[in-house]
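Have a look at the structure below before the remarks.
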Amino acid sequence: FLLHVFSCRQQSRSGYTLSVSVDAALCLSFNLLFSMFRPFVLRWFAENDQLQAEYVVGALQSDRDSGFKPTSQYHRYSPSVVDVFCSLTEMYKILNNLECPDPELLDLYMAQFAGIIAGVLTRYTDIVKRQFVALCQNNRRGAVLLNNVVEIRELLKKLFLNMGGDKLGERAVAIIQTLQSDRLAGDLDYFCATFARSLDGTLEASVKIMKEKLLKMKNVGNTATDAETNDVIYAVMQTLSEWLQGVQAVCETTGLKKLMKELWQLLLEKLEKLIILPHMPENLDMSKMETLDLTEKQSDVLESSLEVFKVCSPVCVYVCVCLCVCLCVSVSVSVSVCV
């Protein structure tokens with residue numbers, strides 16, 4: 001205010017010069033005023049960083065107490081996601097209401113806030129990771145937790161746009177983009193892979209049954225019938241169907257697609273290990289290595305089985321292509337460890 005009065009007294013007789021000097025004085029006085037409050041704002045950030053971390057723990061504890069129930073029929077993520085982002089949104093509203101006129105100071109504040117966002121969401125996923133192996137034994141809980149990560153990414157995108165998006169300072173943009181594209185995307189991949197692996201033992205047992213039926217098949221005719229194919233793959237399809245029924249009813253599309261890819265990748269590994277590729281002993285003794293030579297009829301049944309898998313799930317086309325390549329190698333030559 002004093003600078004503003006001084007500027008008015010020192011202005012020239014030109015009205016244009018008066019306007020410029022008054023505006024410059026007001027801008028300078030506002031910048032100085034906000035600079036004086038900078039230590040208090042930074043202290044507020046530090047205090048809220050700790051409070052937000054504690055809030056995450058409390059929100060997840062509430063989810064555990066309620067059994068990770070979805071928020072509603074149409075919102076399949078748990079309330080902890082809503083609670084965390086409501087708290088972050090309120091914090092942003094307070095920051096936005098400051099209406100800081102200094103661009104450099106505003107960039108600093110936004111970078112501080114972006115750091116708090118990254119810390120909160122990283123802490124959230126870290127806590128879930130430590131318990132996910134046990135939690136995902138229940139299909140519904142596992143699906144809800146996948147939905148949580150998907151929704152966190154969506155809400156982060158919206159919050160980022162509300163903050164200004166790419167118009168933010170470089171530090172804030174870098175923090176948010178790294179969090180979104182690296183950390184949270186990697187966490188979603190981890191959760192999907194871990195969730196699919198929860199079916200490992202059951203799926204392996206089903207593939208062993210498939211192998212037994214395939215090897216017992218009589219070499220009558222060279223073409224597989226639908227009945228023969230259905231009989232061979234019944235155990236595997238039953239296992240996948242029962243598991244996916246519980247997941248599909250809860251899991252959102254984005255998480256479900258990633259989960260299906262991980263699941264079919266697991267199926268590929270089991271089929272390669274138990275049926276298509278030979279068993280490799282740990283000592284790599286060539287004389288003791290077991291090879292699995294499929295007859296032309298068995299190969300045709302296996303190929304027909306892959307076609308059924310492909311029809312049942314479009315996302316496993318890549319898996320089927322890989323299996324067909326392995327199948328061709330298995331039928332044309334005797335598989336060796338050297339290859």
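The values are calculated or read from the model by the stated rules, or taken from the named source; none is laboratory data. Since the structure is predicted, the reported quantities are computational estimates derived from the model, not experimental observations. Heads up, the Cβs are rebuilt from the backbone with ideal geometry, glycines too, and the neighbour counts pull from every protein chain shown. Side chains are part of the model used for accessible areas, which takes the heavy atoms of the whole protein and leaves out ligands, DNA and RNA. Shrake-Rupley method; radii C 1.70, N 1.55, O 1.52, S 1.80 Å.
A cut-off under 14 angstrom between Cβ atoms defines the neighbours of residue 177, and their net charge, with Lys, Arg +1 and Asp, Glu -1, is +2. Among the listed pairs 93/261; 129/211; 129/213; 273/297; 216/257, a Cα-Cα separation exceeding 31 Å is found for 93/261; 129/211; 129/213; 216/257. Projecting the Cα atoms of 127, 110, 143 onto the dipole axis of the stretch 95-172, where Lys and Arg carry +1 and Asp and Glu carry -1 at the beta carbon, places 143 farthest toward the positive end.
If packing is taken as the average count of other Cβ atoms within 10 Å, what order do 110-119, 61-70 fall into, highest mean first?
Values: 110-119: 20.6, 61-70: 14.2.
Highest-to-lowest ranking by the protection proxy: 110-119, 61-70.
Computed about its Cα centre, the charge dipole of the stretch 127-249 is approximately 320 debye, with only Lys, Arg, Asp and Glu carrying charge at their Cβ. With a cut-off of 15 Å between beta carbons, the residues surrounding residue 166 carry a summed charge of +2, where Lys and Arg count +1 and Asp and Glu -1.
Taking label points 7 Å from Cα along the Cα-to-Cβ direction, residue 93 and residue 54 give a separation of 2.2 nm. Ligands, DNA and RNA left out, the 1.4 Å accessible surface of the stretch 125-258 is 50% carbon and sulfur atoms.
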